[in-house]
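Shown next, in structure tokens, is the structure this report addresses.
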Amino acid sequence: MKIIDRQPLRASLIVSILFGAFSIVIYNFYADFRQKEFLKILRQNAISRERLLADSTSLLPAVLEQIETNSEFRMKGEATGIYDTNGNAIYVFSAEKQLSPPLLKQVLRKKEVVIDSLNIDRILFLYEVPENHQKVILSAAAIDDFGYAKQERLRDLLLVGTFIAIIVIILMMRFFVKRDVKPIGQIADRMEQITAHDSNQRLPEANLHDEVGQMARTFNDLLDRLEFAYTQQRNFVSYVTHELRTPLTIMQGQAEVTLMKERTNPEYRQALESVKAEVQDMIKLVNELLELVRANADAHLVDLRQVRVDDLLWQARGQLIQKKPHYEINVRFEEVPDSEDITVMGNAALLKMAFMNIMENACKYSLEPVCQVLIHTRKKEVAVRFIDQGTGISENDLEHIFEPFYRSVNTHDISGHGIGLPLTKRIIEIHRGKIAIESEVGNGSTIIIILPTID
């Protein structure tokens, strides 16, 4: 069942329950009020009969009965009785000659008894005669035709009113729900038109102040992220294909040239050394890609432990110099810290990889292969600055420096794949840290990493 049909039915059910409960309360309230008012009249009539008999000693009960029979004000089913405390009749009009023992006992105990049977209201109560203070039992009963007619009229009005209210609510709810869900239908139609090849379409954001507009905005934000991810993936595949094709093409060309004629052992060795270098470059690229994929995985899966930043920097320096002995990397503190000031919650392998990437870039892109590493501690965080002696980075390149595979124009003659800095940035983000670059063309660059220390 569609929302446009389901919501009005739900609303009508709720309205039916509420109106039904309200009608029952009103009806019962009026029925109780009608009975109380009618019993007051019956009580007053019974007292009037007793007073009439007591004040007119010459008025016989038979004469009073005849008067009541012929009275035009007589109520339908009216019956009056006056009894002594033993239940014997003193005067009766259409009433029993003697009260039954259970009823007599009940009246004497409760002082007043109300009986409602077959639309006949009856009241029996003890009454003290003013002249002699003798107690008698007065009984009066009748059918409240006028009161019951109004009660039935009220019942009919409540039923008709409830029915009309339900119909009106259904029609109004259907109109408003149809108007409110119309944007949802438009959103559904537009979403069916969005494909991987036409992902630039967006959902209409009619009213951002209601839930539908907010949902459309959320979907559009999701589509923006998906389009960005799709573009990144497409570029990733394109870059990887290009980066892998280049060394493969070189190896293929080297092999074809080598096999064109017989060569000496030194020439074969030189060709194999060239192929080996390209293979090693491919292995390095694949390893960097694997690390980038791992770093972009769920950060909650990364094992974090207490590690000292200075220890990781020295380890990264040692491993890098072991591979590149001509690199000069100087690590020093700007001031002597406490051990807690440089201890962070981190993954030693990932942080060491990030530090090595920055150190290697600083040496590789400097005029002289030198990198200065300065450690500075401050409240609840440790900052590490990597300073190179390169040519600096332009403002345009700084905007894209952390994008995978991006390389500046003036670095194309230096080996690299443009993966190191994006990988480093992701590692720092996993550790809830920050990374920034300060650079000026001609004056070198400084990369600053800030990591939160343990509390």
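FYI, it's all coordinate maths here, none of it is from the lab. The shown structure was predicted, so the numbers you read here are calculated from the model rather than taken from an experiment. Here the Cβ is made from the backbone with ideal geometry for all residues, glycine too, and neighbour counts use every protein chain on show.
Pull out the extension gain between Leu118 and Lys182, defined as 0.36 nm times the separation in residues minus the alpha carbon to alpha carbon distance; nm, one decimal.
On the way: separation 64, 0.36 × 64 = 23.04 nm, distance 5.66 nm.
Extra length available between Leu118 and Lys182 comes to 17.4 nm.
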Legend entry - Approximate spin-label separation Lys135-Met191, in nm, with each point projected 7 Å along Cα-to-Cβ: 8.0 nm
Inset, instruction - Step through the residues of region 323-333 one at a time and calculate ³J(HN,Hα) from phi using the Karplus curve (6.51 cos²θ - 1.76 cosθ + 1.60, θ = phi - 60°), rounding each to whole Hz and writing x for Gly and Pro. - result: 7, 10, x, 7, 6, 10, 10, 10, 10, 8, 8
Legend entry - Chain lengthening between Arg385 and Leu157 when straightened (0.36 nm per residue, less Cα-Cα): 73.6 nm
Legend entry - Sorted by Cβ neighbour density within 10 Å, fewest at the top, the residues Tyr91, Tyr230, Tyr83: Tyr230, Tyr91, Tyr83
Inset, instruction - Going by C-beta contacts inside 10 Å, put Glu399, Glu78 in order with the fewest on the left. - result: Glu399, Glu78
Inset, instruction - Based on other C-beta atoms within 10 Å, arrange Asp116, Asp341 from fewest to most. - result: Asp116, Asp341
